[in-house]
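The values are calculated or read from the model by the stated rules, or taken from the named source; none is laboratory data. Here the structure is a predicted model, which means the values were calculated and not measured. Positions of Cβ are backbone-derived with ideal geometry, glycine not excepted, and every protein chain shown enters the neighbour counts. With ligands, DNA and RNA removed, areas are computed over all heavy atoms of the protein, side chains included. Shrake-Rupley method; radii C 1.70, N 1.55, O 1.52, S 1.80 Å.
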Amino acid sequence: MSKHFYITTPIYYVNARPHIGHTYTTIACDAIARRQRMLGVNTYFLTGTDEHGQKIERAAAAAGKTPQQLTDEVSSQFRALWDRMGITYDDFIRTTSDRHKRGVQALWRKIRDNGYIYKGHYTGQYCVFDELYVDAAGPGAPCPECGRPTETVQEENYFFKLSAFQQKLLDLYTGQPDFIRPDTRRNEVISFVKSGLRDLSISRSTFSWGIPVPDDPKHVIYVWMDALSNYITALGYGSGDTKLYDEFWPADVHMIGKEIVRFHCVYWPAFLMAAGLPLPKGIVAHGWLLFEESKMSKSRGNIVRSETILDVLGQDALRYFLLREIVFGQDGSFSFDALVQRYNAELANGLGNLASRTLTMITRYFHGEVPYPSAAAARHSADDAIARAAARAITDSNTLFDQYQFSRALESVWGLIAAVDKYIVENEPWSLGEKQDEQSRARLATVLYTSAEALRIVTALAHAAIPEATARIWSQLGLGDIKKFDLATLKWGQLQLGTRLGKVEPVFPRADKSAIERMQNMEEQGRPAAAVPASATQAQPKPAAASAPVAIQTVAAAASALPDGKISIDDFAKVEMRVGQVKVAEKVKDADKLLRLEVDLGTEVRQVVAGIAEAYAPETLIGRKVVIVANLAPRKLRGLESNGMIVAASAEGGRPVLATFAEDVPLGTRLK
Ligand code: ME8
């Protein structure tokens, strides 16, 4: 094998257990790595955990553990999850391992010896949550990435001459346009770098959970310099054994989420340039997985665990959903409803059904042997149309996959499934199977051969995305081990006549309605307390001002505090306000101020008791659209249960005025 391919995930922080956001990146990389291997490319796939820094030190203290205990525990949770999911990583790097520490120190020395590290003394702001220096901001100013208050730090430390690389970086982005993908991220990075780069603090001395600076162990190396280096330390950089490094560096792809673009596209190439090392070929940033409209993250406590989905629907369901649902590069929402919907429609009814009916009919009508397509007499143009559709699916899905457009790549494969389904329905092999005449037998053979060959092609193309089910279908097709198949050779007509099918079994049993409820219950029961209090605002990552050299001494409050009187978006999101319509309104007996309302919320009618009788005659309210706080705990007023609250402006001493809408809004719509 002559071609090489090296792909990496971010190394995940160990301050909380994995969720499906991490799984998303890991699955995307796994799918790419599997595809490269299927194409015969010598592939190396790295993942791991990021275990140093102040954030981890604090998370450990909060959990009453030593940092090492916490990192051992959580790192093994990540690894166990990837193992359970059959993720085909070649190496799992931990930043607390000796090999990594040695490599990071070697990189530091190299950069220092090249003259890009100096000692300084500064004061500035730092966001512990993002482990990010925040320039030109006053004490307590919010972090531009996450909105949490920054902490003032003040100390002597080492600086990296980032300012020396501004032009070199800009040249890199223009000379190599696909260094950062997609373009939106590239443009953000370019404008950030153009706005000016200040030197970067790369050591801390007020805590010790990190890798000691060579020859000055009072300092530990800045956690992002430590973390980014994993991409080369895992290959043996700094160890004396550089076989893997020589073979695989530079990386083909660092796959990351969009919030860590700056670290990868500015700091990392600058460190490598300073060390005189080759740069990665590309950085690909995907969007966020949202849950209930906000970024799924451990700090918000709105995570969904992969294990829940694996337990109920299996790994292919999760992989397929994440790769198919989210337009790569953009944010996408996760919901159990959408997961089950896609599972049933596209896996159970789509691929699963195509496999089981094609293979079952071959078993029934041809004793389990792939039949001979008939001679010209029994050939129809529809057969050739399927062959052409398959050729198109091969080209399209290969191209789209190579552009990381997983969703569209899968869409093109599922387009072929839909075409074959239609073909089967129109050609009615089950009716042909009932007839014994030669013409019908010949036609049946063609229809089933065509269907089975299309199924083989679909299976090969989908394997990188859904490896488990496709491996089973492949062997049911009598083709043995799919891992041995060379994807580069895939074309129509390779299915050997007379191939003996394996045992035919369903691959995707339909999920019934209880699946959603079961998963929701599992999540409710297993929902962890947030590792860091849920205090982040929903600030989108945007280029922050260039990092200033700062010295470090923590003087501000905990990273999670919010400025006085403010609530987070998460707190606001707890209030569920919906549009309702008043169906019934009447006075409450012996209560001058109260009305009893029945309000239609689209999915249910609620009884609400409201103190608005002095402002509104009941009959004027019938049919009126109002805003209801729908998740208020029920309470009793004058013996009547009130399930929710009607929203009104209540001026001091004045009459309440109901909130309403100038335009028409469907019942049940949520206000946010
Ligand atoms: O940033 N949607 O680690 P981390 C999509 N240690 N992807 C998500 C996601 C979501 N809601 N949540 C997490 C770090 N991810 C550093 C990286 S690399 C040298 C150091 C994925 O545990 C996504 O890939 O916060 C994101 O970039 C990564 O997990 C962040 O993981």
TODO: Rounded to the nearest Å, what's the spacing between the alpha carbon centres of segment 1-71 and segment 217-254? Just the number, please.
DONE: 14 Å
Open item on the list: Quick check on segment 141-240: what are the equivalent-ellipsoid semi-axes from the Cα gyration tensor, as sqrt(5λ), descending, whole Å?
Closed with: 27, 21, 14
Task: Sorted largest first, extent of segment 235-386 alpha carbons per principal axis (Å) - done: 70, 42, 30
- [ ] Work out how much length GLU369 to GLU619 would gain on full extension: take 0.36 nm times their residue separation and subtract the Cα-Cα distance, in nm to one decimal.
- [x] 82.5 nm
TODO: Per residue of segment 41-48, in order, report the coupling 6.51 cos²θ - 1.76 cosθ + 1.60 (Karplus, θ = phi - 60°) as ³J(HN,Hα) in whole Hz, putting x for Gly and Pro.
DONE: 8, 6, 10, 10, 10, 10, 9, x
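Where does each of LYS110, LYS258, LYS491 land when they are ordered by accessible area, with a 1.4 Å probe and the largest first?
Details: LYS110 90, LYS258 20, LYS491 125 Å².
Most to least solvent-accessible, the answer reads LYS491, LYS110, LYS258.
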- [ ] Find the eigenvalues of the gyration tensor of the Cα atoms of segment 343-431, then list the square roots of 5 times those eigenvalues as equivalent ellipsoid semi-axes, largest first, in whole angstrom.
- [x] 26, 17, 11
- [ ] Determine which lysines satisfy two conditions relative to LYS587: a Cα distance under 24 Å, and not lying fewer than 8 residues away in the same chain.
- [x] LYS625, LYS636
TODO: Starting at the first residue of segment 12-17, write each ³J(HN,Hα) from the Karplus equation 6.51 cos²θ - 1.76 cosθ + 1.60 with θ = phi - 60°, in whole Hz, x for Gly and Pro.
DONE: 8, 5, 9, 7, 7, 6
Task: Under-5 Å amide H pairs with SER203, H placed in peptide plane, nonlocal only - done: TYR158, TYR222
- [ ] Please give the FRET efficiency for ALA63 paired with ARG84, using the beta carbon to beta carbon distance and R0 = 22 Å, rounded to the nearest 0.05.
- [x] 0.40
- [ ] Give the Debye-formula value of log10 I(q)/I(0) at each listed q (0.11, 0.16, 0.21, 0.22 Å⁻¹), with one equal scatterer per alpha carbon of segment 15-140, two decimals each.
- [x] -0.58, -1.03, -1.23, -1.25
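Once you list every other residue whose beta carbon is under 14 Å from the beta carbon of LEU244, what net charge do they have if Lys and Arg are +1 and Asp and Glu are -1? Intermediate values should be presented prior to the final figure.
Details: positive: ARG99, LYS243; negative: ASP90, ASP91, ASP241, ASP246, GLU247.
Counting the neighbours of LEU244, the net charge comes to -3.
Grab segment 1-132 and count how many Lys pairs have their alpha-carbon atoms under 25 Å apart, sequence gap of 8 or more, or different chains.
On the way: LYS55/LYS65; LYS55/LYS101; LYS55/LYS119; LYS65/LYS101; LYS101/LYS110; LYS101/LYS119; LYS110/LYS119.
Lysine pairs, 8 or more places apart or on different chains, close enough: 7.
Pairs on different chains or at least eight residues apart, Cα atoms closer than 26 Å: how many lysine pairs in segment 242-298 fit?
Values: LYS243/LYS281; LYS258/LYS281; LYS258/LYS295; LYS258/LYS298.
For segment 242-298, the number of qualifying lysine pairs is 4.
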TODO: Subtract the Cα-Cα distance of THR184 and VAL575 from 0.36 nm times their separation in residues, and report this length gain in nm to one decimal.
DONE: 137.4 nm
Task: Spin-label proximity, ALA338 to segment 370-409 - amide N less than 20 Å from point 7 Å beyond Cα toward beta carbon - done: 404-409
Task: Residues whose placed amide H lies under 5 Å from that of LEU289, excluding near-sequence neighbours - done: MET296, GLY332
Task: Values of log10 I(q)/I(0), in the order q = 0.18 Å⁻¹, for segment 620-672 under a Debye, Cα-only, solvent-free model - done: -0.77
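Residues with beta-carbon under 13 Å from that of LEU200, excluding LEU200: net charge, scoring Lys, Arg +1 and Asp, Glu -1? All intermediate terms of the calculation are to be shown ahead of the outcome.
On the way: positive: LYS161, ARG198, ARG204, ARG262; negative: GLU131, ASP135, ASP199.
Cβ neighbours under 13 Å give a net charge of +1.
Sort SER451, SER514 by accessible area with a 1.4 Å probe, largest first.
Details: SER451 0, SER514 50 Å².
Largest accessible area first, the list is SER514, SER451.
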Task: Sulfur and carbon atoms: percent of accessible area, segment 184-251 [1.4 Å] - done: 51 percent
Open item on the list: Just want the answer: with Cβ charges of +1 for Lys and Arg and -1 for Asp and Glu, which residue in ALA61, SER650, LEU272 is farthest toward the dipole's positive end in the chain?
Closed with: LEU272
- [ ] Go ahead and estimate [θ] at 222 nm for the chain from helices alone: -39,500 (n - 2.57) per DSSP H run with n ≥ 4, summed, over the residue count, rounded to 500.
- [x] -11500 deg cm²/dmol
Task: Simple spin-label estimate for GLU426 and ASP241 in nanometres, 7 Å along Cα-Cβ - done: 6.0 nm
- [ ] Return the Cα extents of the chain along principal axes one, two and three, sorted largest first, each rounded to a whole Å.
- [x] 88, 87, 44
Open item on the list: Once you place label points 7 Å from the Cα toward the Cβ at ALA488 and LYS566, how far apart are they in nm?
Closed with: 5.5 nm
- [ ] Starting from the amide H of TYR44, placed 1.01 Å from N in the peptide plane, find each other amide H under 5 Å away whose residue is 5 or more places distant or on another chain.
- [x] PHE5, TYR6, ILE7
